[in-house]
Amino acid sequence: MGVLEARELRKQYTLGEHSVNALDGVNFQVERGEFVAIMGPSGSGKSTLLHLLGGLDHPSEGSITLAGKPLTGISDNDATLARRHNIGFIFQFFNLVPTLDAEENILLPVIIDGKDPKEYQDILNSLLELVGLQNRRHHRPDQLSGGEQQRVAIARALITRPAVVLADEPTGNLDSKSGKVIMELLRKSCDEMDQSIVEVTHDARAAAYADRVVFLRDGQIEQEICLEPEQPFSQRLRTIIDVLEKLEL
């Protein structure tokens, strides 16, 4: 069993008199230390899948197991605790608290969980080094560039050593140079921290950092490909683009 596993996921929405199948029987699994990218056109179900995997929404049918424990069929309070202890989130728009400095934003999940931030100083320092913000730790978000704010968000997602990090278009609000830095950091967290990552992206370049790419269409998995780690980046990118063109996504 993987660190995150979904079986026969279905999600239906009612729009007036019509029912829409956002997800239709999706099976999905992530192993520890694996980086998985999810791609697909608008309306394919990729954001819905990410929200279900993160316990932010409930499936209409199917089951999700996170770190060996069920995430479906439990109370909202238990789901909140499961998210807090096992999932790190990275969003497109950073979602930093403007009145807190970088260090305080990174430690926020620890404080919310009622733990002593002093016990996390070693991992805080190692994460600040990982994201290259040792000298910016006391700067507030408005004193940081977009790329630096996203690096703070990455460190915040990793501070509790979650079972999995879910990233929703993590480079979507960044220029290409900053986006490259962010993807290299996510790849590094997999390789050096054995972190599991699930990323939703429309950007083939961002997906090329993953170990595996899942392509969604109309709420179903259309195809999956594995990317060879020894391949040059350009070849990994070309492989993804070829699949997108073939599937007309």
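Starting from residues that are in contact with a Gly (Cβ under 9 Å, 6 or more places away or on another chain) and at pLDDT below 95, keep the ones in the stretch 1-10 and report whichever is surrounded by the fewest Cβ atoms within 10 Å (Cβ to Cβ).
The qualifying residue surrounded by the fewest Cβ atoms within 10 Å (Cβ to Cβ) is 1.
I need a count of the residues in the stretch 31-49 that are touching a Lys or Arg at 6+ places or on another chain (Cβ under 9 Å) and either assigned to a strand (DSSP E or B) or not aliphatic (A, V, I, L, M) (or both).
Within the stretch 31-49, residues that are touching a Lys or Arg at 6+ places or on another chain (Cβ under 9 Å) and either assigned to a strand (DSSP E or B) or not aliphatic (A, V, I, L, M) (or both) number 11.
Would you mention how many residues in the stretch 106-138 are free of Cβ contacts under 8 Å to residues at least 40 places away in the same chain, over 15 Å from residue 154 (Cβ atoms) and not in a helix (DSSP H, G or I)?
4
Has the stretch 95-116 got any residue that is small (Gly, Ala, Ser), surrounded by 19 or more Cβ atoms within 10 Å (Cβ to Cβ), out of contact with any strand residue (DSSP E or B) (no Cβ under 8 Å at 6 or more places or on another chain) and at pLDDT below 95?
No, every residue in the stretch 95-116 fails to be small (Gly, Ala, Ser), surrounded by 19 or more Cβ atoms within 10 Å (Cβ to Cβ), out of contact with any strand residue (DSSP E or B) (no Cβ under 8 Å at 6 or more places or on another chain) and at pLDDT below 95.
Only one of (1) under 30 Å from residue 214 (Cβ atoms); (2) buried (at least 17 other Cβ atoms within 10 Å of the Cβ); (3) not hydrophobic (A, V, I, L, M, F, W, C) is not met by residue 78, so which one is it?
(2)
Give me a count of the residues in the stretch 164-180 that are in a loop (DSSP other than H, G, I, E, B) and under 17 Å from residue 210 (Cα atoms).
4
Taking only the stretch 48-62 into account, find how many residues are of a type in the set (D, E, K, R) and over 15 Å from residue 87 (Cβ atoms).
1
How about the stretch 66-107: which of its residues are charged (D, E, K, R) and closer than 22 Å to residue 199 by Cα?
Within the stretch 66-107, 69, 83, 84 qualify.
Using the structure shown, decide if residue 18 is free of Cβ contacts under 8 Å to residues at least 12 places away in the same chain and surrounded by 15 or more Cβ atoms within 10 Å (Cβ to Cβ).
It is false that residue 18 is free of Cβ contacts under 8 Å to residues at least 12 places away in the same chain and surrounded by 15 or more Cβ atoms within 10 Å (Cβ to Cβ).
Regarding residue 174, is this residue of a type in the set (A, V, I, L, M) and surrounded by fewer than 19 Cβ atoms within 10 Å (Cβ to Cβ)?
Against the criterion (of a type in the set (A, V, I, L, M) and surrounded by fewer than 19 Cβ atoms within 10 Å (Cβ to Cβ)), residue 174 does not qualify.
Restrict the check to the stretch 226-248 and report whether at least one residue is touching a residue at least 12 places away in the same chain (Cβ under 8 Å) and either part of a strand (DSSP E or B) or within 22 Å of residue 104 (Cβ to Cβ) (or both).
yes
Search the stretch 140-152 for residues that are more than 15 Å from residue 185 (Cβ to Cβ) and pair each with any residue that is not in a loop (DSSP other than H, G, I, E, B) when their beta-carbon atoms are under 6 Å apart and the residues are at least 6 apart or on different chains.
141/149
Only residues that are touching a Ser or Thr at 6+ places or on another chain (Cβ under 8 Å) and either without any contact (Cβ under 8 Å) to a residue 40 or more places away in the chain or outside any loop (DSSP other than H, G, I, E, B) (or both): list them for the stretch 181-204, please.
182, 183, 190, 197, 200, 203
On the given criteria, is residue 78 assigned to a helix (DSSP H, G or I), more than 13 Å from the chain's Cα centre (by Cα) and under 21 Å from residue 162 (Cα atoms)?
yes
The values are calculated or read from the model by the stated rules, or taken from the named source; none is laboratory data. Source: prediction; values computed, not measured. When we count neighbours, we look across all protein chains shown, and the Cβ atoms used for this are built from the backbone with ideal geometry, even at glycine.
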